[in-house]
Amino acid sequence: MEPESGVPNRRNPSQLCWVNLSRTLILAYQSLGVVYGDLSTSPLYVYTSTFVDKLETHRSEDAIFGAFSLIFWTLTLLPLLKYIFIVLNADDNGEGGTFALYSLLCRHAKFSLLPNQQAADEELSAYKYGPSASVAAPSPLKRFLEKHKKLRTALLLVVLFGACMVIGDGVLTPAISVLSAVSGLKVTENKLTDDELLLIACVILVGLFALQHFGTHRVAFMFAPIVIIWLISIFIIGVYNTIHWNPRIIQAISPYYIIKFFSETGKDGWISLGGILLSITGTEAMFADLGHFTALSIRLAFACVIYPCLVVQYMGQAAFLSKNLDSFQYSFYDSIPDRVFWPVFVIATLAAIVGSQAVITATFSIVKQCHALGCFPRVKVVHTSKHIYGQIYIPEINWILMILTLAITIGFQDTTLIGNAYGLTCMTVMFITTFLMALVIVFVWQKSVVVAAVFLLFFWIIEGVYLSAAFMKVPQGGWVPIVLSCVFMIVMFVWHYGTRKKYNYDLHNKVSLKWLLGLGPSLGIVRVPGIGLIYSELATGVPAIFSHFVTNLPAFHQVLVFVCVKSVPVPYVSPEERFLIGRVCPRPYRMYRCIVRYGYKDIQRDDGDFENQLIQSIAEFIQMEAVEPQFSSSETSSLDGRMAVISTRTVQSTASLIVSEVEEFDLSIQSSKSSTLQSLRSAYESENPQVRRRQVRFQLPPNPGMDPAVRAELVDLIQAKDAGVAYIMGHSYVKARRSSSFLKKLVIDIGYSFLRKNCRGPSVALNIPHISLIEVGMIYYV
C-alpha cells in the first residue's frame, strides 16, 4: 500500500492546473457581463443604420449578402485579429486601455510630461514591468521624439483626445442602446407613438444614472447571466432564421461578396460603412477593462462565445432580410418569431442597460486617470464597494453624462443619427489605439520599425476606410462627438496649462535652504508642540509659501513635514512602496519630507490612518538613518538628504515604536452637563463610529542601546503627535502677468480661474479633515 503522503505530491500539478482553469473560466464568465455588454447588443441597430439614405435604392439579396460579408470580416480582422491576438499583449501590469499604452511609453522612453518626477520612481516594482529598455541602444527615432517637447506634447494631446472620445462614448452608448431596445414596441400589435417610446427611453436612462451612486456591485452578479441569456437567444434566433429563410447566406462569408457589394453600390456602399462599423462598437472595452480580468479569460469569452454568437446572429438577420426587403427599419425585432418576441424584448432591454452601465463605469475610470495626469479638474471620487477595488462613482460626471445623454436622445430621437455619432467615436478610439500600439511595438517590445509600420499600415488602411465613411456622416449627427471632444479637450488643456504654470512658479521660487539654515533650528520664531503638515506639489526644495509663515507668524510647529502627493506613470503603487521619507535641513530643525506616490488607477482612500502611517514612517526613517549612514544628511547643509522607501501597509509595533490602541473620547465633552455639547458629541459619534473607536498611541521601546540623539528625536516626534496635527495648504490665486498675451490672460484669468472656483478644493480631494486645516492665501503671477 502506497504512503498517503505521496499522493498529494503526484496530484499537485493537476490540481494546480484545474484551479487555474476554473479561475480563468469564472473570469471569462464574469467578463461577459462587464466587457461585452455593449458589443453584444450591436445587432439591435447595425442593419438598420447601414441600409439608409442612398443605399435604400440598393436593397437586394446581393447587397445584403455583401453587408453580412463586410460585418463578418470586420469582426474577424479588428476584434479578433487586432485586439485578441495583438493588443491584449500590451498590458501595463495587467491593466489595459489608452492610458496603459501611454504609461508604458513614458517609462520606456522619456515621453512623460508629468511634473515632479524623480529617479526614485524608477525603482518601483511596477515601473520595471515589461522588457528592459536598457538592453538595447536607443534608436534614432526614440532620441528624436525625446528631444522635441512639442512632439511629446502632441502625443499627450492624442491620448487625451482618445480619452475625450471615450467620455463621448459614455454619452452615446446609453442613448443608442436603450432607444434601440425600446423601439421593439413599435412592431407590436399595439404600436406606441414616437413620443411614448421617447418617454419610456428617458425614464430608463434617468433611472440608470440615478442608481449609479449605489455602485454596480449590488447588481453586477446579474450582468453576466443577462448577457449569456441574451447571447443564447440571438444565437438560436440566428440559427433559426438562417435555416428557415435563406441557408445560402453561409456563402456570404466569402470576400467575393464584398467586391460584388462595392461594384454594385459604389460610393453609396462606401458611405454605408458608417453603419457596418457599428458591429464592432464596444470592442475597445476588451482592452480597457483588462485590469478586472485576465487576457486569457477575455480571449476565451470572445473566441468561444461572443464571436460565434454574433456571427450567427448577423447571418440569420441577413437571411431574414434577403427574403423580407421591407423590414430594414426594425430588422432585429421583425426577424424574431412571434412566439418568443416578448421574452427577447425584455432581455434585449436588460442587455442594453448592462452595456450602458459598463460604459458609464469606464467613463468614471477615464476621468479619474485624466485627473492623475494633471489634465482634469479635481472631482469627488466615491468608492462604491469595500470589496471590489476600483469601483468608483463621480457625482459631477454622472449628472453631466445624464444631461447630455437625455439631450441627445430627445434631440435626435433616431438611432440612425445617434449611430452616426457613435460609430465615429468608436472608430476614432480604435485609430488612436493602433497608433499607440505601433509606438509600443518599437519602444516597449523593441521590434523593428518595419514590423511596427506593417502593423500600422495594415490596420490604419482598414480603420481609415471606416473612419472616412464615418466622417461623411458628420452633418447627420457625426458632429456630436467632435463637439463634445473639443469641449472636454479645452477643459483638459486649460486645466493642464494652468497647473503646469503654477508648478513652474513654485519650482522657480523655492525658499533657499541657506536662508533657512541661517535662521537656525528655531527658524527665528517660537516652535510650539505639534506637527505641521505643509502640502506642496514640489518633490524637492521648500515651497515659497513657507516663507510667508516664517515671516508673518510668531510661532510654528515643533515638527514640520513637507508633504507632496503625486502621480507616477504606473497603474498602481503597492503600500510597501507608497511613502518616500527624507530630511530637510539638519537633525535639530525637526523638518522632514514625505512624498506619497499614487498610480494613475490608484484610489486615495479616506481610511483615517494617514497620520499614524506618516508618524511611523518618519520614526522608521530616523532609525534607518542612524544605522545606515548613506541616508544621513544631518552633517551636510547644502541640499535635502537622500530619501528612503518606507513600508506603510499597516500601523503596527516595530523596533522604532510601540503601537497601542485606545478609545478616543474628549473627556471634557463626555462629562459635560451641557445638552448642546452632549448632542454634538452623539452626532459626531454616530457619523464617525470608526474614528471614535480607534486612536493610536505611540511609545518608545525600552532599548538602552539606542543613540541618545535618535531617542530625543523620537520623543519629540511622539510628543508632537500627541499635541496635535495641523494641515497647512496654500489657498492660491493664479493670475496672468500684465505683460502676458490676450490669449494667455483669457486662459488663465477666465478659464483656469473658473475651473478652480467650480471644482473640488485640494483639501477635499486629499481627504484632509476640515477642522485641522490652515489655509494661507497666495497670489501666483504666471
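The values are calculated or read from the model by the stated rules, or taken from the named source; none is laboratory data. As the structure is a prediction and not an experimental result, all values here were calculated from the model. We place every Cβ from the backbone using ideal geometry, glycine too, and count neighbours over all the protein chains shown. These accessible areas exclude ligands, DNA and RNA; they are computed on the full protein's heavy atoms, side chains included. Shrake-Rupley method; radii C 1.70, N 1.55, O 1.52, S 1.80 Å.
Quick grid of which residues meet (1) part of a helix (DSSP H, G or I); (2) closer than 20 Å to THR416 by Cα; (3) not assigned by the TED database to the domain that holds ALA421:
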| position | (1), (2), (3) |
| --- | --- |
| LEU192 | no, yes, no |
| ASP195 | yes, yes, no |
| ILE200 | yes, yes, no |
| LEU205 | yes, yes, no |
| PHE223 | yes, no, no |
| ILE232 | yes, no, no |
| PHE235 | yes, no, no |
Checklist entry - Which of (1) at pLDDT below 90; (2) open to solvent by less than 30 Å² (accessible area, probe 1.4 Å) does VAL166 not meet, given it meets every other one? => result (1)
Checklist entry - Is one or more of the residues making up the stretch 586-596 open to solvent by 30 Å² or more (accessible area, probe 1.4 Å) and at pLDDT below 80? => result no
Checklist entry - Does the stretch 469-489 include one or more residues that are under 30 Å from GLY266 (Cα atoms), in contact with an Asp or Glu (Cβ under 9 Å, 6 or more places away or on another chain), part of a helix (DSSP H, G or I) and open to solvent by 70 Å² or more (accessible area, probe 1.4 Å)? => result yes
Checklist outcome for this item: Sole miss for LEU55 among (1) over 30 Å from SER327 (Cβ atoms); (2) open to solvent by less than 10 Å² (accessible area, probe 1.4 Å); (3) modelled with pLDDT under 90 is condition (1)
Item to check | The one condition in (1) open to solvent by less than 50 Å² (accessible area, probe 1.4 Å); (2) in the same structural domain as PRO769 (by the TED database); (3) modelled with pLDDT under 85 that SER634 fails to fulfil | outcome: (2)
Next on the checklist: For the stretch 597-628, give me the residue count where each residue is closer than 23 Å to ALA372 by Cβ, open to solvent by 10 Å² or more (accessible area, probe 1.4 Å) and of a type in the set (D, E, K, R).
Outcome noted: 5
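Restricting attention to the stretch 300-314, which residues are in contact with a Gly (Cβ under 6 Å, 6 or more places away or on another chain) and surrounded by fewer than 24 Cβ atoms within 10 Å (Cβ to Cβ)?
VAL312
With the condition being in contact (Cβ under 8 Å) with a residue 60 or more places away in the chain, I'd like the helices (runs of 4 or more DSSP H) fully within the stretch 736-775 carrying at least 1 qualifying residues.
Details: elements: 742-745, 753-758, 762-765.
By residue number, 753-758, 762-765.
Here's the yes/no breakdown for (1) more than 24 Å from the chain's Cα centre (by Cα); (2) surrounded by fewer than 20 Cβ atoms within 10 Å (Cβ to Cβ); (3) within 23 Å of CYS164 (Cα to Cα); (4) not charged (D, E, K, R):
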site	(1), (2), (3), (4)
ARG59	yes, yes, no, no
PHE72	yes, no, no, yes
LEU81	yes, yes, no, yes
ALA90	no, no, yes, yes
THR98	no, no, yes, yes
TYR102	no, no, yes, yes
CYS106	no, no, yes, yes
SER112	no, yes, yes, yes
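Given the structure, is THR216 out of contact with any Cys (no Cβ under 6 Å at 6 or more places or on another chain) and at pLDDT 95 or above? Full working, then the answer.
On the way: out of contact with any Cys (no Cβ under 6 Å at 6 or more places or on another chain): yes; at pLDDT 95 or above: no.
Here the answer is no, as THR216 does not meet what is asked.
Here's a check for you: in the stretch 258-299, which residue that is among the aromatic types (Phe, Trp, Tyr) and in contact with a Gly (Cβ under 7 Å, 6 or more places away or on another chain) is surrounded by the fewest Cβ atoms within 10 Å (Cβ to Cβ)? Spell out the reasoning first.
Going residue by residue through the stretch 258-299, those that are among the aromatic types (Phe, Trp, Tyr) are 261-262, 270, 287, 293.
Pick out the ones that are also in contact with a Gly (Cβ under 7 Å, 6 or more places away or on another chain) and you get 261-262, 287.
Details: PHE261: 23, PHE262: 17, PHE287: 27.
So, considering only residues that are among the aromatic types (Phe, Trp, Tyr) and in contact with a Gly (Cβ under 7 Å, 6 or more places away or on another chain), the one surrounded by the fewest Cβ atoms within 10 Å (Cβ to Cβ) is PHE262.
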Next on the checklist: So THR188 ticks every box in (1) assigned to a helix (DSSP H, G or I); (2) in contact (Cβ under 8 Å) with a residue 40 or more places away in the chain; (3) exposed (fewer than 15 other Cβ atoms within 10 Å of the Cβ) but one. Which box is left unticked?
Outcome noted: (1)
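Being of a type in the set (Gly, Ala, Ser), more than 21 Å from TRP495 (Cα to Cα) and not assigned by the TED database to the domain that holds HIS383, is that true of even one residue in the stretch 751-773? Please lay out each step first, then the result.
Initial filter on the stretch 751-773 (of a type in the set (Gly, Ala, Ser)): 751, 753, 761, 763, 765, 772.
Still in the list and also more than 21 Å from TRP495 (Cα to Cα): 772.
Keeping just the survivors that are not assigned by the TED database to the domain that holds HIS383 gives 772.
Within the stretch 751-773, one or more residues are of a type in the set (Gly, Ala, Ser), more than 21 Å from TRP495 (Cα to Cα) and not assigned by the TED database to the domain that holds HIS383.
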Checklist entry - Pairs, please: C-beta under 7 Å, at least 6 apart or cross-chain, first residue without any contact (Cβ under 8 Å) to a residue 24 or more places away in the chain and in the stretch 428-454, second open to solvent by 20 Å² or more (accessible area, probe 1.4 Å) and part of a loop (DSSP other than H, G, I, E, B)? => result ILE441/LYS447
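Mind listing just one residue for me: the one in the stretch 723-747 that is closer than 14 Å to VAL494 by Cα and hydrophobic (A, V, I, L, M, F, W, C) and, of those, surrounded by the fewest Cβ atoms within 10 Å (Cβ to Cβ)?
So the first thing to find is which residues in the stretch 723-747 are closer than 14 Å to VAL494 by Cα, and the list is 734-736, 743-747.
This time we only want the ones that are hydrophobic (A, V, I, L, M, F, W, C), so: 734, 736, 743, 746-747.
Values: VAL734: 19, ALA736: 23, LEU743: 9, LEU746: 14, VAL747: 20.
Restricting to residues being closer than 14 Å to VAL494 by Cα and hydrophobic (A, V, I, L, M, F, W, C), the top hit is LEU743.
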Checklist entry - Since VAL696 meets every condition but one in (1) within 30 Å of TYR505 (Cβ to Cβ); (2) open to solvent by less than 30 Å² (accessible area, probe 1.4 Å), which condition does it not meet? => result (1)
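Just for helices (runs of 4 or more DSSP H) wholly inside the stretch 279-362: which have at least 2 residues that are closer than 24 Å to LEU197 by Cβ? So that I can check it myself, show each step before the final result.
Details: elements: 284-288, 295-301, 307-323, 331-334.
Passing ranges, in order: 307-323, 331-334.
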